[in-house]
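Each remark here refers to the structure printed beneath this line.
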Amino acid sequence: MIGLMLLLLSTLAVNAGSSSQPPPPPPAGLPPCYTLPPTFCPSCGAGMVTELGGLRAYVTGPSDSKKAILMISDIYGDEPPVFRSVADKISGAGFLVVAPDFFHGDAANPSNPKYDKATWKLNHPAEKGYADAKLVISALKEMGISMVGVAGFCWGGKVAVKVANDTKEVQAAVLLHPSDVTADEMKAVEVPIAILGAERDNGLPQDQMNLFDQILSSNKIEHRVKTYPGVCHGWTIRYFHNDPFAVNSAAEAHADMINWFEKHVALKSMEDETSEGPTC
């Protein structure tokens, strides 16, 4: 099984490795998702690019791991260097991390004169992302992965909450500055979930964070709802590297995410392995 996985990762692999650069200054007068458009770097990261579940995906971490994290990006996809660096950071905790291209080569690119935000959103609904996520999770399990967590950023948060509605798909979820998540979607969550929000985020105001907290408490779902002071929407994956506050705020959220997965994915994986009997 491990051999097949290694073959899958190696046959279509694209070597990756480079450091990210600080993003350009934010353009004025645009919604939060568009205020810090990232650079794109298909070759960046410590991992490799391959195909999984029919989707091109950035994959990083130990190939023999039995636990995986599915990362669902914001509208800019898997190629921004900072996003891939977060995937690499999660993999350092022993997870195989998979960040698919949910937009099939059509990530948002406001710098392209032909880009139209409304058309792009119609072409990439969360429902399509959810269908693709299920294909990737199925492929992971065919490769021998026994435990899966999901992390959704901005656009990906709405997809991740749909995935979190089924314990057969994943064991835990983390939403980072999610967009357009509804109360009904939160009511359907069945797995431990953490919601990490910004103090300043019109897409996820504090009253909505409080509502989600109440819903999850009422449904007796293990959860954490945390607001990070002084930051704006997208702070975990789009920030200036020469801004210590921004870097530290993002790192705090990354650590909280990893801790959540270590508690709810890694621990359960160990229990599963123990139940199979001694390995000596």
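The values are calculated or read from the model by the stated rules, or taken from the named source; none is laboratory data. Because the structure is predicted, anything quoted here is derived from the model rather than measured. Heads up, the Cβs are rebuilt from the backbone with ideal geometry, glycines too, and the neighbour counts pull from every protein chain shown. Quick note on the areas: whole protein, heavy atoms, side chains included, nothing else; ligands and nucleic acids left out. Shrake-Rupley method; radii C 1.70, N 1.55, O 1.52, S 1.80 Å.
Pro38 meets the conditions (1) modelled with pLDDT under 95; (2) part of a strand (DSSP E or B) in every case but one. The failed one is (2). Of the helices (runs of 4 or more DSSP H) lying entirely inside the stretch 202-280, those containing at least 1 residues that are of a type in the set (Asp, Glu), open to solvent by 90 Å² or more (accessible area, probe 1.4 Å) and modelled with pLDDT under 95 span 267-275. Out of the stretch 138-176, which residues are closer than 11 Å to Ile193 by Cα, of a type in the set (Val, Ile, Thr) and in a strand (DSSP E or B)? Passing the criteria: Val150, Val174. Criterion first (among the polar types (S, T, N, Q), out of contact with any Ser or Thr (no Cβ under 8 Å at 6 or more places or on another chain) and open to solvent by less than 50 Å² (accessible area, probe 1.4 Å)) does Asn123 satisfy it? So Asn123 does not fit the description; no.
Please pick out the residue among Ala87, Ala107, Ala68, Ala99 that is of a type in the set (Gly, Ala, Ser), under 15 Å from Cys154 (Cβ atoms) and surrounded by 24 or more Cβ atoms within 10 Å (Cβ to Cβ).
Details: Ala87 fails: under 15 Å from Cys154 (Cβ atoms); Ala107 fails: surrounded by 24 or more Cβ atoms within 10 Å (Cβ to Cβ); Ala68 fails: under 15 Å from Cys154 (Cβ atoms).
One residue alone meets the criteria, Ala99.
Within the stretch 172-201, being open to solvent by 30 Å² or more (accessible area, probe 1.4 Å), within 25 Å of Lys67 (Cβ to Cβ) and not charged (D, E, K, R) holds for one residue alone: Ala188. Here Ala133 does not qualify as crowded, with 24+ Cβ neighbours inside 10 Å and either part of a strand (DSSP E or B) or of a type outside the set (Gly, Ala, Ser) (or both).
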